[in-house]
Amino acid sequence: RDRRSWYNMLACGTTMTYEAWDDSFKPNQDWNHAWGAAPANIIMRKLVGVEPAAPGCERLCVRPQTSSLRHVEATVPTIRGSVEVSIDNLPGLYRLHVTVPPNTSARIALPVAADRFKLTRNGKRLRAGRTSRKGFIDAGEVDSGSYVFEAKY
């Protein structure tokens, strides 16, 4: 909450990111500067888990890392259209709603640390494999459309 924080930017009344942490550091700054928006990129790629896997977002990887957050919703813009993501992270259930834009495919991985789980896509049971990343299960690749993945454990 000090002057060198995003919290301070909000407290100063900006609705976008400053060029510097505070007017006291740079009095002639603008209120919309790319460097300060870096957390938005990190949130979409790491927390929500939407990352390009091929040029032009022809293929995506959706691998959320929500930790203890109970609910997350995001719209991730890509050159091919928006990826809509909604996550419910509840005791014994991890639910991912994802909409993949046209002319795009996505590899889906869910963060499930349990050894025993039941995985479904749109209510139909799936066989899932482990990924190379510990704590994730591979829910397969999907084409454009809307899907609901559930891992119950």
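Per-residue ellipticity at 222 nm for the chain, helices alone: DSSP H runs ≥ 4 residues times -39500 (n - 2.57), over residue total, nearest 500 deg cm²/dmol?
Numbers: 2 runs with 11 residues, N = 153.
One gets -1500 deg cm²/dmol as the mean residue ellipticity at 222 nm.
Tell me which trypsin sites (Lys or Arg not before Pro) from segment 74-153 have a DSSP coil assignment and no more than 14 other beta carbons within 10 Å of their own. All intermediate terms of the calculation are to be shown ahead of the outcome.
Numbers: sites: 80, 95, 107, 116, 118, 121, 124, 125, 127, 130, 133, 134, 152; in loops: 80, 116, 127, 133, 134.
Those satisfying the criteria are 116, 127, 133, 134.
Quick one: ranking 43, 87, 79 by accessible area, 1.4 Å probe, largest first, what do you get? Provide the component values of the computation, followed by the final result.
Details: 43 80, 87 0, 79 145 Å².
My answer, sorted largest first, is 79, 43, 87.
Chymotrypsin sites (Phe, Trp or Tyr not before Pro), restricted to segment 1-97: which are DSSP loop and have at most 13 other Cβ atoms within 10 Å?
Values: sites: 6, 7, 18, 21, 25, 31, 35, 94; in loops: 18, 21, 25, 31.
Listed in order of number, the matching sites are 25.
Provide the net charge surrounding residue 127, with neighbours chosen by a C-beta distance below 14 Å and charges set as Lys +1, Arg +1, Asp -1, Glu -1. Mind dumping the intermediate values first?
Details: positive: 116, 118, 121, 124, 125, 130; negative: 138, 141.
So the environment of residue 127 carries a net charge of +4.
Would you look at the GNM of the chain, springs on alpha carbons closer than 10 Å, and say which of 52, 27, 102 moves the most?
In the Gaussian network model the winner is 27.
Once R0 is set to 25 Å, what does the formula 1/(1 + (r/R0)^6) return for the Cβ-Cβ distance between residue 11 and residue 90, expressed as a FRET efficiency to the nearest 0.05? Present the calculation step by step, with values, prior to reporting the outcome.
Working: r = 33 Å, r/R0 = 1.33.
It comes out at approximately 0.15.
Using just the Cα positions, wrap the chain in a convex hull and report its mean projected area in square nanometres, one decimal place. Display every interim value, and only then the final one.
Working: hull surface 42.7 nm².
Over every viewing direction, the Cα hull of the chain projects on average to 10.7 nm².
The values are calculated or read from the model by the stated rules, or taken from the named source; none is laboratory data. Here the structure is a predicted model, which is why all the values come from computation and not from measurement. Please note: Cβ atoms are built from the backbone with ideal geometry, for glycine as well, and neighbour counts cover all protein chains shown. All accessible areas refer to the heavy atoms of the entire protein, side chains included, with ligands and DNA or RNA removed. Shrake-Rupley method; radii C 1.70, N 1.55, O 1.52, S 1.80 Å.
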